[in-house]
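The values are calculated or read from the model by the stated rules, or taken from the named source; none is laboratory data. Small disclaimer: the values here were computed from a predicted structure and weren't measured. Cβ sites come from the backbone with ideal geometry, for glycine too, and all protein chains shown count toward neighbours. What goes into the accessible areas is simple: the full protein's heavy atoms, side chains included, and nothing from ligands, DNA or RNA. Shrake-Rupley method; radii C 1.70, N 1.55, O 1.52, S 1.80 Å.
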Amino acid sequence: GIDAASDEILTAGASTVAYLGRHHAGETVYLVGERGLREQLENAGFDTVVAGRHGNPERGVDVAVVSIDREFDYDTLTTAARTIRSEELPIVGSDPDAVIPAGDGDVPGSGAMIAAVTGTAEREADAVLGKPHAITRELALDRLDCDAADCLVVGDRLDTDIALGAGAGMTTVLVRSGVTDDARLERSPVTPDYVVDDLSGIESVLDGTAPRYG
């Protein structure tokens, strides 16, 4: 029921494509991920090879991109790690979310695939996009055409949503209805400006009646 057009939505895929355009323009992407990200890459002009189960890719690849893949399995992991090592590929992750919420509980997200691939390849990722990467914040501010100080960032993750705004002078609101509980909030190095139980609490932030956190 949210009144939003597709051009008002900024995905981790968009920030990944922007990063690749700056640092790997014209290169062939070796993708551990799903069709949606592959289409974004190809629409941006990147030749893309999807990681399979049957040995090294048939044509040369230059950079590995790892994202959520709901068909990810042991064979894909084995082939991807071997290809990354043998080709000495830089690794780019689409976003750091280890888990994402689903109707029946949290499920593995892109961060889980990134951790598996980098761990097996024995390499650190060269970059992990999405939130809170600076490119994502830059793209959002360009899209909104406003200053950081005029932005309200609302999210359920301290290390991504809140960190995106906290380092840039944005007002941040943590919503408790997602993955962050009180224990995580207390030990987090990132502190939100406001904490609300659910999205209905945003109204009190906007009208100035919500108490600041901490």
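Quick notes on this one:
- For the options LEU37, LEU164, LEU152, a Gaussian network treatment of the chain with springs between C-alpha atoms closer than 10 Å singles out LEU152 as fluctuating the most.
- Accessible area in square angstrom per residue, region 77-214, 1.4 angstrom probe: 52 Å²
- Longest stretch of the chain clear of exposed loop sites (trypsin sites (Lys or Arg not before Pro), DSSP loop, at most 14 other Cβ atoms within 10 Å, sites excluded): 71-211.
- Cα pair distances of region 1-129 binned at 10 Å [whole percent]: 13, 46, 32, 8, 1
- Averaging the sequence gap over all C-alpha pairs within less than 8 Å and six or more residues apart, then dividing by the number of residues, gives the chain a relative contact order of 14 percent.
- Sum of side-chain charges, ALA116 neighbourhood, beta-carbon under 13 Å (Lys, Arg +1; Asp, Glu -1): -3
- Annotation: the antiparallel percentage among DSSP beta bridges lying fully within region 1-139 is about 15.
- Net charge contributed by nearby residues that have their C-beta within less than 14 Å of ARG35 (K/R +1, D/E -1): -3
- Among ALA125, ALA18, ALA168, residue whose mean-square fluctuation peaks in a GNM of the chain (springs only between Cα atoms under 10 Å): ALA168
- Each Lys and Arg adds +1 at its Cβ and each Asp and Glu adds -1 at its Cβ; summed about the Cα centre, region 22-132 shows a dipole of about 100 debye.
- Rounded to the nearest 500, the 222 nm mean residue ellipticity of the chain from helices alone is -9500 deg cm²/dmol, with -39,500 (n - 2.57) taken per DSSP H run of at least 4 residues.
- Surface composition of region 109-191: carbon plus sulfur atoms contribute 46% of the solvent-accessible area (1.4 Å probe, protein chains only, all chains present).
- Cα-Cα pairs of region 57-214 separated by more than 25 Å (percent): 42 percent
- Take the chain and mark each of the GluC sites (Glu not before Pro) that is in a DSSP loop with at most 13 other Cβ atoms within 10 Å; the longest unmarked stretch, sites excluded, is 125-214.
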